[in-house]
Structure formats: structure tokens, C-alpha cells
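Participant: I'd like to ask some things about the structure below.
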Amino acid sequence: MTGSQTHPNTLDVMQLNIALPNGHRLLRDVSLSLRPGEVRVLVGESGAGKSMIGKAVLGILPQNLKVTEGEILLEGQHLNAMTPWTRRKTVAQSAALIPQDPLTALNPARRIGPQITDPLVRIHGWSRTKARETALALLDRVHIRDPKRVMESYPHELSGGMRQRVLIAAAFAPSPRLIVADEPTTALDVTVQKQILRLIRELQQETATAVLFVTHDMGVVAKVSQQVTVLFAGKVMEDAPTERIFTDPRHPYTRALIAATPSYADLDRPFSPVPQALIAELQDDIVRDDARHQGGAR
Amino acid sequence: MLLKTTLIRLLTTAVTLFGVAVVVFVLVRVAPGNPIAMMLPPGATEADIAALEALYGFDKSLPEQFVIWLGGVLQGDFGTSITLRRPVDELVLSRLPATLELSIMALVIAVALGTAIAVIGARRRGTATEVGLDLSSGAVLSVPDFLWGLVFVLLFGVLWPVLSISGRIDPQIEVDFTSNFYTFEGLLRGRLDVVQSTLSHMLMPALALALPLAAMIAQLLKQNLKEVLLQDYTTLARVRGFSETSVILREALRNALLPTLTLVGVQFTFLIGGTVIVERIFSYEGLGNMAIDAVINRDLPLIQGIVLLFAALFIVINLLVDLSYTLLNPRLRHG
Ligand SMILES: Nc1ncnc2c1ncn2[C@@H]1O[C@H](COP(=O)(O)OP(=O)(O)OP(=O)(O)O)[C@@H](O)[C@H]1O
Ligand SMILES: [Mg+2]
């Protein structure tokens, strides 16, 4: 991988804090980075702030939330310092999103074809022919039979799995350097989940695209990633290479998450949720942390 | 399938029109006022009145009169106007184009204005602009169309007379058209003087009719737009680099328009109902103005003809709305 010589990372998130207008923090000093072609999983329970990180990177945070501290660098460019217009263009040039729910992520009133090719033509300045050929090739690559017919279809004519394939094709179409995949398989049938996961993995490797992969499933982590960030209450608990996280988890919360993951290989192993005592202890830490942060800010 | 729905549709249409026919027929006859007595000079004798009543068939019993009238209608004979002494269908059809043109212009203004305001409101959602637009459309909505008509007459007819406030076209202009669709035929024939004059005569009554509907469209469409703008596909469009305005226009508008369409269809029939008084205010020579004269003069055949035509018009409009709903919604089109 060559990449930019002066700045080797595709994404750097540095000491990112996101807060509600009342000052309550939803992300607490989150740092992480992605090298070109690398897959990093964000894992944690519901509400941990996984999606928030992806949204902050892509510039689609809800209006009431603000980045209060920290930096986001996309291919070395400071996103926070940009005007909204430049930022939008920069993000669109180098990043893409594979959304969680393929049923709501396609416009029901428009045909599939233009939904893939429109951004290529209108944002990336491609010719219609090139956009169409790329779309057809990618639809074929994501194992959609009869891509020409699918381009002419409306979303309601496709199954959930097909739609997610379409959205994956659309995400990879402009050759982004970073893809944020926010729980791309949770809304799908278990049988389809594996295929979709494999597909993202394959395309990611073929194109050497960095992927920020959000999941709450430790089982997925092992399958797709090189790096793992474990989150709890908007705070990074552990940041480690994937092979190490399973063999030698250092944070008690990571160990608890692994223990809480049902293992398909070993159905007899008792299922153990994350212990309440541990959660209480971690939350105490967070409260102390927030008090210190407030004190420091004043 | 399609045949069955069409048949059901035709059947209900027939039943509706028959019901309307019965109701009008009875209502105009139980209402006080004798049309024949009003036609004759004050000194007319009982015998004169009786003779004329026999001529128009008013001496027969109500059911008999109805059967005779309905028999005529089914053969395309709507009777003769008592005051104007010409066939009702001829009179009514000669006025219909004026009312249609006025209603269509009002509809176009209402949709364009309402959509523009809704889009601006959605674009500036959460700001003072949105609140201001909401308040204004609420205020506009609380004033009915005929009051807007009077306001415009005062403003642009009396205080600052820039627009024509009376009639359909400048009487100086000679019109030798085959139809009474002055605007449409004028456009086809390239008679821009006619088009210009009719449009400027229509502007104020059309605006009066359009304002309440525009406000209604603005409110509902903006609400729908805001809901659609929370959908994942609009978020995805933003990530792909589209500006908020193009997200609204390209991704959200079509989906938000669909539920608005039903409202526009229903309200358009009310708008046509509104032409009756608004045409009167602006002395606009349309069906509504004729209807008021007919009621004042107790011109029973003419009233019946006009009401039937309005009913048929409403049915056609509802049909068109259903049709466009199917055309705009891909789910129904393939269903
Ligand atoms: N617009 C908002 N206003 C206030 N709080 C919000 C808003 N959006 C998210 N939050 C809160 O921020 C926290 C993190 O949300 P986020 O969506 O990132 O969680 P997540 O880790 O993706 O969880 P999940 O697995 O359920 O998707 C949650 O506690 C959530 O309630
Ligand atoms: Mg989430």
C-alpha cells in the first residue's frame, strides 16, 4: 500500500468529544485510527456511541449534537476546520456509508440505477456511460443476477439481501478510501448475514479500502477485522489487534463482552451477560471522569 | 381486474349523479318563489300564469316532472332556461371554459406557491424563517377565498388600480374563437393579446381562490418533507455529497408530494365551489356567476343543469387524482 507519504492514515480520530447542548458528553475522548486497507471494528453494547463515531466522521450528526473537542482527519485533512460545503465535498470524495437498514436506505420512489449512478455523475463528474458501466459491473460483482433489470427496478421489487447488495455496490462505486459500515447485517436474515459479511470483506480486500465496521457482535469481530475498538458509554475501553483481543483481552469489559457472546461451536457453554457489578463500576469511573473533565474545562 | 374496477367506478358515478339529480330537483321546487310569476309582468292574470306553467310542465306532479326531465337529460336534452330562453346545455357549456380556466390557474398558483413555501420551510427547518412561514400560512388560511377577493378589489381595484377587477377580457378585444377557452385557444392561435388580457383579468380572482389552498399545501407538504428528511435514504444522499437543497428537491419532494396529492384533489373541488362567489365579486362571466343569477331568478332548469355539471366535474377530478396517485406511486403501478 502506498497511500499519502506525508500522512499514512486514512482516518484519524483524535480525542473526540461530542456533547448535548446541556454539556452531557456522548463521546468521551475517543481516539482511533485506520491505515489504508485496514478494517477496524467498533464494538460495544447498544448506546455505547458506535454509530456516533461514524456519523461524526461522515458529518451527519443530529443537529442537537456538537463536536466540543477533538479532531477528525480524513486522509490527513482536518474535517472540523472546513466550511460545511468543503467538508461535504471532501467526505463525498473519500468516504462512503453502508447503512444498517437496507429497507429504508433506498428511495422508494426512484429506480435503483439512478440511485447508484447519480452521485457518480453529479458529484464525481463522471460521464453517464462510465457511471452506468461501473454500476453494472459492481452489481454483477455483488452477485446480483440480471443487473440490467435490477437497475430498472424499484426498491420494493427487491429482497432485503438484494437491497443491501445494491447499497454495497453503491458504496464501493466511487472508489472511496474509507467506508463506514454501520451494522450492515443486523437487519437481515441470519442466512443472508454471512454472505453479506463475506462480500464486504472480499470487496474491501480487492479494492484495499479502509473500513470502519460498527457491530455489537463479538462474533463478527473475529471474521472481518484487523483492529478492534471496544467502547462503553462513549469511552474507549480497549484498542487492540484482533488476534490479541481474543487470546489476551486486557480490559475486564472486553473479557465480559467475549463471555457474553454466544458461541455457535459450543452451545453447551453457559451464556453470561455482562455483570451488573462491572457496569456499575465502569459507570462510576465515567462519572468521576466527567467531573474531572468539567473541572478542567472551567 | 382493471375492467372490474372501471365498472364499479362507472356504476358509483351513475348512482352519485342520479342522487344529485334527485336532490337538486326536489330542493329547487320546495324552495319558495314561483319562477313563472317572476317572468310575467305584474298585471298578469291567473290564466296567463297557468298557461305558462303548462308550457314549462310545472302543472304536473313532482314525480311526473322528474321523469320527464330525467328522460330528456338521458337523451342530452337538459331543458330550456326560463330567463334566457336558450337550451340549458348550450348555456352551461358556453360558460364552463371560463370557470375551468379560472380554476386551473388558481390550482397552478396554489401548487406552485404552496410547494415553494414548503420547500423553503423545510430547508430552513428549526429556524425563525420556518416559524415565520408557519405563522403566515396559518393567518392566510384563516381568511376565506371570497374575503381575499374583496381585499384584492379594494387594494388593486380601488386604492391602487393596476389590475382589471371586472369581467373576463377587455371588451375592446375582438374574439372570434371556436371555443370559449380564451387562454388555451389564444395560446394555440398565437393570439397573445387575448391570452394577456384574460390572464390579467383572471389573476386576482385566481389568487383569491388560490391563497387558502396554497397555505394548506405549504403546511401539509412541509410536515411531510420534514418526516421524509429523517429517512435513511436522505442521510445517504447527504453522505454522497448532495446539498440540503438538492436532497429536498431530488430525494424528498416526490415522496412527500404523494400524501399531499389527496388533499389537493379534495381541496380543488372546494376551490371550484369557491368560484361561485368569487366570480360574482369580480363579475367574471363563468358558471358560478350564472348559477347565482339562475338562483335569484328561480330558473329551475338552469340551476339543475349547472348543479349536475358541477357534480360531474367533481367526479372527474376525483378520478384524475386517483389516477395520478397510481402513476406517481411505483408500488401501486406494479401491484
Ligand atoms: N440526537 C440525539 N440526542 C440525544 N442523544 C442521542 C442522540 N443520538 C444518540 N444519542 C445517544 O447517544 C448515545 C450513543 O448513540 P449511538 O447511536 O452511537 O449508539 P450505538 O452504540 O450505535 O448503539 P446501537 O447499537 O443501539 O446502535 C446513546 O445513548 C443515544 O441515546
Ligand atoms: Mg448504532
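Participant: Among what's in the range A:59-106 and is closer than 21 Å to A:A19 by Cα and among the acidic types (D, E), pick the residue that is farthest from ligand 1 (Cβ to nearest atom).
Facilitator: A:E71
Participant: Let me ask you something else. Looking at the range B:74-86, is at least one residue open to solvent by 70 Å² or more (accessible area, probe 1.4 Å), in contact with a strand residue (DSSP E or B) (Cβ under 9 Å, 6 or more places away or on another chain) and over 17 Å from B:I296 (Cα atoms)?
Facilitator: yes
Participant: Follow-up. Which pairs turn up if I take residues in the range A:44-56 that are more than 14 Å from chain B (Cβ to nearest Cβ) and open to solvent by 40 Å² or more (accessible area, probe 1.4 Å) and look for partners that are near ligand 1 (Cβ under 7 Å from one of its atoms) and at pLDDT below 95 with beta carbon separation below 7 Å, at least 6 apart in sequence or on another chain?
Facilitator: What qualifies is A:E45/A:H216; A:S46/A:H216.
Participant: Please give the number of the condition A:E69 fails out of (1) open to solvent by less than 40 Å² (accessible area, probe 1.4 Å); (2) away from ligand 2 (no atom under 13 Å from the Cβ); (3) part of a strand (DSSP E or B).
Facilitator: (1)
Participant: Next question, about the same structure. Which members of the range B:247-260 meet the condition of being open to solvent by less than 40 Å² (accessible area, probe 1.4 Å) and either within 13 Å of chain A (Cβ to nearest Cβ) or of a type in the set (G, A, S) (or both)?
Facilitator: B:V247, B:I248, B:E251, B:A252, B:L253, B:N255, B:A256, B:L258
Participant: Just name the residue that is farthest from the other protein chains (Cβ to nearest Cβ) out of those in the range B:122-147 that are open to solvent by 70 Å² or more (accessible area, probe 1.4 Å) and within 20 Å of B:N224 (Cβ to Cβ).
Facilitator: Filtering first and then ranking leaves B:L135.
Participant: A follow-up question, please. Please enumerate the residues belonging to the range B:218-246 that are assigned to a loop (DSSP other than H, G, I, E, B) and either closer than 23 Å to B:V264 by Cβ or away from every other protein chain (no Cβ under 12 Å) (or both).
Facilitator: B:L229, B:Q231
Participant: Do we find a residue being in contact (Cβ under 8 Å) with a residue 12 or more places away in the chain and assigned to a loop (DSSP other than H, G, I, E, B) anywhere in the range B:247-261?
Facilitator: Looking through the range B:247-261, none of the residues is in contact (Cβ under 8 Å) with a residue 12 or more places away in the chain and assigned to a loop (DSSP other than H, G, I, E, B).
Participant: Within the range B:87-106, can you find the residues that are surrounded by 20 or more Cβ atoms within 10 Å (Cβ to Cβ) and closer than 16 Å to B:S200 by Cα?
Facilitator: Hits for the range B:87-106 are B:A98, B:T99, B:E101, B:L102, B:S103, B:M105, B:A106.
Participant: Taking the range A:166-203, which residues are open to solvent by 30 Å² or more (accessible area, probe 1.4 Å) and either under 19 Å from A:A131 (Cα atoms) or within 13 Å of chain B (Cβ to nearest Cβ) (or both)?
Facilitator: A:S175, A:R177, A:A187
Participant: A further question on this structure: Does A:D140 fit the bill of being open to solvent by 40 Å² or more (accessible area, probe 1.4 Å) and assigned to a helix (DSSP H, G or I)?
Facilitator: Considered against the rule, which asks whether it is open to solvent by 40 Å² or more (accessible area, probe 1.4 Å) and assigned to a helix (DSSP H, G or I), A:D140 comes out as yes.
Participant: Of the residues A:T68, A:T129, A:T117, A:T104, only one is out of contact with any Gly (no Cβ under 7 Å at 6 or more places or on another chain), among the β-branched types (V, I, T) and within 8 Å of chain B (Cβ to nearest Cβ); which?
Facilitator: Answer to the check: A:T104.
Participant: Next up: May I ask you to list the residues in the range A:76-101 that are part of a loop (DSSP other than H, G, I, E, B) and at the interface with chain B (Cβ under 10 Å from one of its Cβ atoms)?
Facilitator: Residues satisfying the conditions are A:P99, A:Q100, A:D101.
Participant: Output the qualifying pairs, or none if there are none: Cβ atoms under 8 angstrom, residues six or more apart or on different chains, first residue in the range A:167-190 and assigned to a loop (DSSP other than H, G, I, E, B) and among the charged types (D, E, K, R), second residue within 16 Å of ligand 1 (Cβ to nearest atom) and open to solvent by less than 20 Å² (accessible area, probe 1.4 Å).
Facilitator: Taking only residues 6 or more apart or on different chains, the pairs are A:E183/A:V214; A:E183/A:T215.
Participant: Looking only at the range B:299-308, decide whether some residue is open to solvent by 30 Å² or more (accessible area, probe 1.4 Å) and over 30 Å from A:N107 (Cα atoms).
Facilitator: Yes, there is a match, as at least one residue in the range B:299-308 is open to solvent by 30 Å² or more (accessible area, probe 1.4 Å) and over 30 Å from A:N107 (Cα atoms).
A quick yes/no check of all residues on (1) β-branched (V, I, T); (2) assigned to a helix (DSSP H, G or I); (3) within 18 Å of B:G273 (Cβ to Cβ); (4) more than 27 Å from the chain's Cα centre (by Cα):
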| residue | (1), (2), (3), (4) |
| --- | --- |
| B:L107 | no, yes, yes, no |
| B:L113 | no, yes, no, no |
| B:T129 | yes, yes, no, yes |
| B:R168 | no, no, no, no |
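Participant: Restricting attention to the range A:36-58, which residues are away from ligand 1 (no atom under 13 Å from the Cβ) and part of a strand (DSSP E or B)?
Facilitator: Hits for the range A:36-58 are A:V39, A:R40.
Participant: Out of the range A:75-116, which residues are polar (S, T, N, Q), closer than 16 Å to A:L61 by Cα and surrounded by fewer than 17 Cβ atoms within 10 Å (Cβ to Cβ)?
Facilitator: A:N80, A:T83
Participant: While we're looking at this one, here's another question. With the condition kept exactly as written, say whether any residue in the range A:91-107 is over 30 Å from A:G234 (Cβ atoms) and either more than 16 Å from ligand 2 (Cβ to nearest atom) or among the acidic types (D, E) (or both).
Facilitator: Yes.
Participant: So is A:S33 among the polar types (S, T, N, Q) and within 16 Å of ligand 1 (Cβ to nearest atom) or not?
Facilitator: no
The values are calculated or read from the model by the stated rules, or taken from the named source; none is laboratory data. Computed from a predicted model, the values in this text were never measured in an experiment. Positions of Cβ are generated from backbone atoms using ideal geometry, with glycine treated the same way; all protein chains shown enter the neighbour counts. Accessible surface is based on the protein model in full, side chains and every heavy atom, while ligands, DNA and RNA are left aside. Shrake-Rupley method; radii C 1.70, N 1.55, O 1.52, S 1.80 Å.
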